[in-house]
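The values are calculated or read from the model by the stated rules, or taken from the named source; none is laboratory data. For clarity, every value in this text was computed on a predicted model and none was experimentally measured. Positions of Cβ are generated from backbone atoms using ideal geometry, with glycine treated the same way; all protein chains shown enter the neighbour counts.
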Amino acid sequence: MVRESDTEGRVVSDSEERLLWPAGAPGAEGQALTDVPAISIHLPNASMATGTGIVVNPGGGYRILASDHEGLQVARWLNRRGIAAFVLRNRVGPKYSTEISLLDGLRAMRVVRSNASGFGISPNRIGMLGFSAGGHLVTAVGTGYDRGVEDSLDPVERVSSRPDFLVPVYAVTSGAKRGRKAEEYFSTDERVTADTPPTFLVHSHQDSIVPSDQSLLFYRALAAHGVQSELHVFGYGEHGAGLGSGDPDFGEWPGLMLKWLRSSGLLTNKKRMAVQGRATLDGSAMGLFWITLIPEDQQAPIARVMANRSADGHFTIAAEQGPVPGPHRVEIHHISDQYPHVATGVYSIDDATCYALNAAVAEGEVLELRVSRASHASRAVIK
């Protein structure tokens, strides 16, 4: 158990600390806290736990660790949303090289995954989130992992160090392209492959310490390899803002990340499935419309598809973007009665209209969605 104290020695937090190498870290050059890499463990209340875990890497230029607003406070925020958090204390320079920090990051992933059951998390829903240099470490782990050393005498080393998703926040991704500390911040964008984990990137246009094109480098590499990713460059926001607690603009990113995790199916173990069906308005296919499946389970992904009259109201949602089994609110958004579109500029409907109904969605079933203008009535028939 580690007891965290403020500057006057008052205890402000209790959390369990786990050494990454209980018998001593490889390459350690002393016994001070800065020589002993560890994680502090922060678990959500069991009643709201999602089964997702995140290793949190505080920033600090690979020289210090901003462990309050980029560590503990992030863990607390995640816990309040049912996500387990593990704040990393990795070794930093100038005493230790970036490669040693990477070794600590990889080991942190192995330690968390090898203890997933005890932490109440799924071993295939463990991500890594980090800020600035900690964000560089996120991308380094995400492009430098292995699947485990099968014949290792250490059971932890037999476990995969691959994060299931990455969240680099105002991260350095290439020291060479930034024009500073090229060897220390090696180019992780050049190490991206099709197997790099899905990534949610955050930066600020105003960042004068790490320019936003550092995130763009990594995003472009992800896109080139077909890796699912999302990038947010906020117009306003300072470097080192953490969660952006006092910034109403930049402070939007944690909520957007949570939506991305949900949309990516990373907050549930339920398996997504393909869905097909047909929607009609007063017995006829609509020109252009959306089908949106919103699950009662708020951790499960929302599924949606835009469809049109060309298929006579029939729609299909592939399994990769599909819903999970269970009760859903089904919304039909009718946005145009014109399809195909024409060049006259004539309006076909007065405004978009939403029709809603409830349906239990299950594998292999077909949704027949029938709605009416006159009564705004709707019903779903499961075939």
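Worth a mention:
- Among the residues of segment 118-158, those that are under 23 Å from residue 98 (Cβ atoms) and among the aliphatic types (A, V, I, L, M) comprise 126, 128, 129, 133, 137, 138, 140, 141, 149, 156.
- Residues considered: 130, 148, 144, 120. Of these, the only one that is surrounded by 23 or more Cβ atoms within 10 Å (Cβ to Cβ) and assigned by TED's automatic domain parsing to the domain that holds residue 199 is 130.
- Among the residues of segment 323-344, those identified as surrounded by 14 or more Cβ atoms within 10 Å (Cβ to Cβ), over 11 Å from residue 360 (Cβ atoms) and of a type in the set (Val, Ile, Thr) are 324, 332, 335.
- Filtered by the rule that a residue be farther than 18 Å from residue 15 by Cβ and surrounded by 19 or more Cβ atoms within 10 Å (Cβ to Cβ), segment 87-98 gives 91, 92, 96, 98.
- Residue within segment 331-350 that is free of Cβ contacts under 8 Å to residues at least 60 places away in the same chain and within 12 Å of residue 277 (Cβ to Cβ) present: yes
Residue-by-condition table, conditions (1) crowded, with 24+ Cβ neighbours inside 10 Å; (2) of a type outside the set (Ser, Thr, Tyr); (3) in a loop (DSSP other than H, G, I, E, B):
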| position | (1), (2), (3) |
| --- | --- |
| 85 | yes, yes, no |
| 103 | no, yes, no |
| 106 | no, yes, no |
| 153 | no, yes, yes |
| 160 | no, no, yes |
| 164 | no, yes, yes |
| 182 | no, yes, yes |
| 186 | no, yes, yes |
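- Unique residue being farther than 20 Å from residue 129 by Cα and modelled with pLDDT of 95 or more when the list is 257, 273: 273
- Residue match in segment 352-361 (condition: assigned to a loop (DSSP other than H, G, I, E, B), at pLDDT 95 or above and farther than 30 Å from residue 48 by Cβ): yes
- Residue check for residue 218: in a strand (DSSP E or B), buried (at least 20 other Cβ atoms within 10 Å of the Cβ) and on the phi < 0 side of the Ramachandran plot: no
- Total residues in segment 44-82, condition in contact (Cβ under 8 Å) with a residue 60 or more places away in the chain, assigned to a loop (DSSP other than H, G, I, E, B) and more than 26 Å from residue 30 (Cα to Cα): 6
- Residue satisfying condition, being over 21 Å from the mean Cα position of the chain (by Cα), touching a residue at least 24 places away in the same chain (Cβ under 8 Å) and on the phi > 0 side of the Ramachandran plot, within set 265, 283: 283
- Residues (crowded, with 20+ Cβ neighbours inside 10 Å and touching a Pro at 6+ places or on another chain (Cβ under 6 Å)) located in segment 68-81: 70, 71
- Some residue of segment 260-271 being among the aliphatic types (A, V, I, L, M) and surrounded by fewer than 21 Cβ atoms within 10 Å (Cβ to Cβ): no
- Residue 302 meets each of the listed conditions (1) among the β-branched types (Val, Ile, Thr); (2) closer than 25 Å to residue 187 by Cβ; (3) touching a helix residue (DSSP H, G or I) at 6+ places or on another chain (Cβ under 8 Å) apart from (2).
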